[in-house]
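See structure below.
The values are calculated or read from the model by the stated rules, or taken from the named source; none is laboratory data. These numbers come from a predicted model, not from an experiment. With ideal geometry, Cβ positions are generated from the backbone for all residues, glycine too; neighbour counts draw on all protein chains shown.
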């Protein structure tokens, strides 16, 4: 059994993806509401609700095989106005990393460190944020590489995320986990461009991780939709008309095409602010009928909540996505206990990591990497 720490744990989606062969030694989040969901699903024995900046190495037990950190992404995305690692939220990477340095000084660094964030981390501040992360890892005695994995390969949700996987220098790495050059499958142009901006020290420690292609996804957006939705109500006919009125001619034509499809069509809608024909900022409703949901987000405002529209012939119905549907789009099992409050449940899902992405990484990178480097039992790690 492998052991791990789960930082910025949220509802424990990384833990869900790692599975039963992994034992959590310590979990941390600052949000008590997310912590309540974590405890409801995993128990609270390993969970500490606290600002990561206030944690000390004495708070973190044992020596884990891996530390997983899905540090807040808002300052590395449009939602955070690209404040970067100097932002109030994504700046939490630094206290997390100081904690890892403290563990190393005590002779118990995690063999593997995994960082998960939005792809904006590659380009924020002209690539300087990603370079700073690279310098921290290299200076801390880790070799590292990065991947961009879109949950769309496993789930009917468009959700590309940056994964940085680092391993302690001197640990054996199975040769088949590395490749000499980037792969178009996992290393897109923005990642290669970010690599080019790394310091010499970081480049010397860089690894091009080699993962296989996943099997073709089988599920569609319609597969996750509840026939009898729980926690939301269908919009009135007037509310649906207002939603259609917010659509541009291009998006209205998508609805008309769905009417002519001769079958039940499920679409996802986001409200966005766009420039109208007069150059003024106006709210628009944008729809897609490609069997894929848009990327789930935290409900900071009404426009962040995804609406679904179901078209059957001339019949059109709309409503908000339910919490259970959001959980399914993240790959959480039906048994996962969600908060009863809509916004809390939606926030929990929209702020998490897709479970099948973690499982894929565990099977094809993390577990072979740790097995190749030699594993410790949970009793040895405690």
Meets criteria (surrounded by 13 or more Cβ atoms within 10 Å (Cβ to Cβ) and under 27 Å from residue 363 (Cβ atoms)) for residue 152: yes
Restricting to region 116-160, what's the tally of residues that are out of contact with any helix residue (DSSP H, G or I) (no Cβ under 7 Å at 6 or more places or on another chain), within 30 Å of residue 268 (Cα to Cα) and not in a helix (DSSP H, G or I)? 3
From the list 338, 332, 296, 361, which residue is in contact with a strand residue (DSSP E or B) (Cβ under 8 Å, 6 or more places away or on another chain), buried (at least 22 other Cβ atoms within 10 Å of the Cβ) and either assigned by TED's automatic domain parsing to the domain that holds residue 172 or at pLDDT 95 or above (or both)? 361
Checking the conditions here, which among 233, 213, 238, 282 is out of contact with any helix residue (DSSP H, G or I) (no Cβ under 6 Å at 6 or more places or on another chain) and assigned by TED's automatic domain parsing to the domain that holds residue 359? 213
For residue 165, are the conditions met, namely being in a strand (DSSP E or B) and either modelled with pLDDT of 95 or more or assigned by TED's automatic domain parsing to the domain that holds residue 270 (or both)? yes
Between 356, 339, which is in a helix (DSSP H, G or I) and either farther than 22 Å from residue 161 by Cα or in contact (Cβ under 8 Å) with a residue 12 or more places away in the chain (or both)? 356
Could you identify the single residue in 158, 202, 139, 184 that is in contact (Cβ under 8 Å) with a residue 24 or more places away in the chain and closer than 27 Å to residue 296 by Cβ? 158
Kindly list the number of the only condition in (1) in contact with a helix residue (DSSP H, G or I) (Cβ under 9 Å, 6 or more places away or on another chain); (2) part of a loop (DSSP other than H, G, I, E, B); (3) surrounded by 12 or more Cβ atoms within 10 Å (Cβ to Cβ) that fails for residue 186. (1)
Across region 299-326, the tally of residues that are farther than 22 Å from residue 339 by Cα and either at pLDDT below 90 or in a strand (DSSP E or B) (or both) stands at 8
Considering only residues that are surrounded by 17 or more Cβ atoms within 10 Å (Cβ to Cβ) and closer than 14 Å to residue 127 by Cβ, look in region 191-205 and name the one that is nearest to the chain's Cα centre (by Cα). 191
Take the residues in region 219-248 that are without any contact (Cβ under 8 Å) to a residue 60 or more places away in the chain and loosely packed, with under 12 Cβ neighbours inside 10 Å, then tell me which one is nearest to residue 344 (Cα to Cα). 228
